[in-house]
Amino acid sequence: MKSSVLTKTAGLAAALSLLAAAAARADFKVWIPDVNKGELALEHVGDAGFDRNPDKSGEQSHTFEFEYNPTSWWLTELEFEFEREPGLGERTRFSELTSENLFQFTERGEYWLDAGFFAEIGHGMRKGDPDSTTFGPVLRKDFWGLSNTINLFVEKELGPHASGHVQFLWAWETRIDRWQVKLGRNFVVEPGFQIYGEPGAIGRFASWSEQDNRAGPQIFGKVFDIGPGSLVWNGGILFGLTPAAPKFTPRWQLEYEIHY
């Protein structure tokens with residue numbers, strides 16, 4: 001049993017009180033409401049967008065993260081983010097330094113729904129870039145051999161260069177646990193899919209054709225006993241569902257975990 005919800009809520013309130021600057025979601029990653037006390041991890045998340053229209057092609061995002069789980073209900077990460085904007089002549093830049101935090105409220109299967117909360121703070125590293133804050137619930141439901149997770153986030157830019165509008169972001173992930181395959185003693189893999197949506201400002205969503213929505217199949221896996229830890233990975237391709245999104249976006253996520 002996790003520590004009381006009251007204790008977790010107090011910790012969450014303290015973290016949110018520090019939200020002076022943060023980052024929008026630039027990496028394609030679905031957060032799951034799991035925290036493992038004492039875990040250390042190194043993580044990389046990346047993606048690259050491709051389209052016949054050169055103005056929509058060439059975008060890239062690469063994040064490098066250091067993670068620590070100080071308690072059984074709080075995970076914190078320091079993230080270094082590098083981005084390339086779509087279009088000709090762009091180059092990859094160090095765009096953001098971010099602190100990410102995940103709070104786990106329930107044990108898996110303890111209640112009808114597994115619940116957590118994500119809160120991110122960060123700082124734009126390029127001159128003229130706004131700071132911002134992103135936060136919202138992380139929810140999961142297991143049924144029929146499927147693990148289904150949804151992230152429902154709001155994002156607000158801060159500072160003199162902020163847009164002033166609160167944006168809504170969401171992401172969905174389904175893993176087909178019943179089709180998980182074990183290959184030898186140290187390797188497991190299973191299929192699934194992800195969906196990412198950016199409808200726009202709350203109260204004034206963009207038309208469907210102007211939203212950046214992407215979805216596609218993914219493969220999830222884990223390799224055990226690599227030195228002192230394990231390698232957790234997933235990746236696949238996202239297809240643009242709207243004219244505003246690139247046609248194809250390969251994405252990947254690699255995390256090396258060490259448990260103490």
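Between residue 208 and residue 182, the modelled labels are 4.4 nm apart [label points 7 Å from Cα along Cα→Cβ]. Taking a Cβ cut-off of under 13 Å around residue 236, the surrounding Lys, Arg, Asp and Glu residues balance to a net charge of +1, with basic ones at +1 and acidic ones at -1.
Derived value for segment 52-181: Kirkwood hydrodynamic radius 17.1 Å. Basis is the mean of 1/r over every pair of different alpha-carbon atoms.
Across 195, 226, 150, mean-square fluctuation computed from a Gaussian network of the chain (C-alpha pairs under 10 Å connected) peaks at 226. Rolling a 1.4 Å probe across all protein chains gives residue 91 an accessible area of roughly 150 Å². The count of lysine pairs in the chain whose Cα atoms are under 20 Å apart, excluding pairs fewer than 8 places apart on the same chain, comes to 11.
Given a cut-off of under 8 Å on Cα pairs at least six residues apart, what relative contact order in percent is computed for segment 128-171? Please report the intermediate quantities before stating the final value.
Values: 79 pairs, mean separation 17.4, N = 44.
Once divided by the residue count of segment 128-171, the mean separation gives 39 percent.
Would you calculate, for the chain, the mean residue ellipticity at 222 nm contributed by helices, counting each DSSP H stretch of 4 or more residues as -39,500 (n - 2.57) and dividing by all residues, to the nearest 500? That comes out to -1500 deg cm²/dmol. For segment 70-102 versus segment 122-185, the inter-centroid distance based on Cα atoms is 13 Å. Note on segment 102-242: along the principal axes its Cα atoms extend 55, 36, 32 Å, ordered by decreasing extent. So what is the diffusion coefficient of segment 43-86 in µm² per second by Stokes-Einstein at 10 °C and 1.306 mPa s, using a Kirkwood Rh over Cα pairs? Rounded to a whole number, D works out at 130 µm²/s.
Label reach from residue 193 (point 7 Å along Cα→C-beta): in segment 209-225, amide nitrogens under 13 Å belong to 214-219. A DSSP coil position with no more than 16 other Cβ atoms inside 10 Å describes the following chymotrypsin sites (Phe, Trp or Tyr not before Pro) in segment 19-126: 111, 112. Applied to segment 94-108, the Karplus parametrisation 6.51 cos²θ - 1.76 cosθ + 1.60 on θ = phi - 60° returns per-residue 3J(HN,Hα) values of 6, 9, 7, 10, 9, 10, 10, 9, 10, 10, 9, 9, 9, 6, 4 Hz, with x for Gly and Pro.
Placing +1 on the Cβ of every Lys and Arg and -1 on the Cβ of every Asp and Glu, with nothing else charged, gives the chain a dipole about its Cα centre of roughly 480 debye. Within the listed set 200, 216, 164, the residue fluctuating most in the Gaussian network model of the chain (springs between alpha-carbon atoms under 10 angstrom) is 164.
Only Cα pairs under 8 Å and at least 6 apart count here; give the relative contact order of the chain as a rounded whole percent. For the chain, the relative contact order is 17 percent.
For segment 61-179, what does the relative contact order come out to in percent, with C-alpha contacts under 8 Å and a separation of six or more?
Numbers: 273 pairs, mean separation 18.5, N = 119.
It comes to 16 percent, rounded to a whole number.
Between the entries [x] 47, 40, 40; [y] 47, 42, 35; [z] 53, 42, 40, the label attached to Cα extents along the principal axes in Å calculated for this structure is [y].
What number do you get for segment 146-226 when its Cα radius of gyration is normalised by 2.2 N^0.38 Å, N = residues? Mind showing how you got there, number by number?
Working: Rg = 17.9 Å, N = 81, 2.2 N^0.38 = 11.7 Å.
Cα-based Rg divided by the globular estimate yields 1.54.
The trypsin sites (Lys or Arg not before Pro) of segment 109-169 meeting both criteria, a DSSP state outside H, G, I, E and B (loop) and at most 14 other C-beta atoms within 10 angstrom of the site's C-beta, are 126, 127.
The values are calculated or read from the model by the stated rules, or taken from the named source; none is laboratory data. Quick caveat, the model's predicted, so the values are computed rather than measured. Methodologically, a virtual Cβ is constructed for each residue, glycine included, from the backbone with ideal geometry; neighbour enumeration extends over all protein chains shown. What goes into the accessible areas is simple: the full protein's heavy atoms, side chains included, and nothing from ligands, DNA or RNA. Shrake-Rupley method; radii C 1.70, N 1.55, O 1.52, S 1.80 Å.
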